[in-house]
1. Once you've got the Cα coordinates, tell me which of 56/167; 24/136; 125/199 are over 27 Å apart.
2. Would any residue of the stretch 178-220 have its amide N under 20 Å from a label point 7 Å out along Cα→Cβ of residue 35? List them or say none.
3. Report the calculated FRET efficiency for residue 89 and residue 153 (r = Cβ-Cβ distance, R0 = 22 Å), to the nearest 0.05.
4. How much FRET efficiency would the formula 1/(1 + (r/R0)^6) give for residue 27 and residue 52, where r is the Cβ-Cβ distance and R0 is 41 Å, rounded to 0.05?
5. In square nanometres, what is the average projected area of the Cα convex hull of the stretch 126-197?
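Values quoted throughout were computed directly from the atomic coordinates according to the rules given, and no laboratory measurement underlies them. Small disclaimer: the values here were computed from a predicted structure and weren't measured. Cβ sites come from the backbone with ideal geometry, for glycine too, and all protein chains shown count toward neighbours.
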Amino acid sequence: GCFDAYVFSIILPVLFFFIDKKRKSIYMIYDIDDEVEKKLQKIYDAFSPIICANKKWHLASNADLNSLNDIKRNAGASSLVKRNSISIDNGIPKYFITNVSVPKIPVGKQTLYFFPERILVVEKKQVGTINYSDLKIEYYNSRFIESGFVPSDSEVIDHTWKYVNKKGGPDKRFKDNVQLPIVLYSCIRFYSDSGLNEKINVSRKDLGIELVNALKNYQM
């Protein structure tokens, strides 16, 4: 099931890394001691509810719609945020071979791979790395005006109109003026001093704290 733990038989904190040039393969084989394994397991466990959420999106815009107090100004504003539906699961980059489960998050042209000793940032044939000590994460619940399908695990907290009048009610000048739900999504931001700055939305609220805490306690 979605919440099954990722278990691997590993005993020593050693990474065996080598490249098979003939097969164009990169081998990353891990032996990890029990103490490090427990901390790593908490990171992978924290990914489970995110992986199992009904919908995930990468936010391509820096717009922050967390505050929707002024409904006249913000009604319909969510449509201005560029977002792409993504799948968050386990996987490894092409030509890589490893003996552990690796959570991956596609963020636009790049994909983040959470290997045990560092995060790989892959874009086509280019690969960068980020140490866990340099990775920063923030999370919050974000109000979002949903003009599309509302996922079954999302909470609808209010409604607005596609077009609003000065009083905040429906603008009757528009015949196609429909009522839109305002839902509560989890927003998780991954960033670093080296330039990483990506946000994802998850259809379930209150996600992110377990991942933040697990990463803070993790050292390889």
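1. Working: 56/167 34 Å; 24/136 33 Å; 125/199 23 Å.
Checking Cα-Cα distances, 56/167; 24/136 exceed 27 Å.
2. 214-220
3. Numbers: r = 17 Å, r/R0 = 0.77.
That gives a FRET efficiency of 0.85.
4. Values: r = 30 Å, r/R0 = 0.73.
Here the calculated transfer efficiency is 0.85.
5. Working: hull surface 33.4 nm².
Convex hull of Cα atoms, orientation-averaged projection: 8.4 nm².
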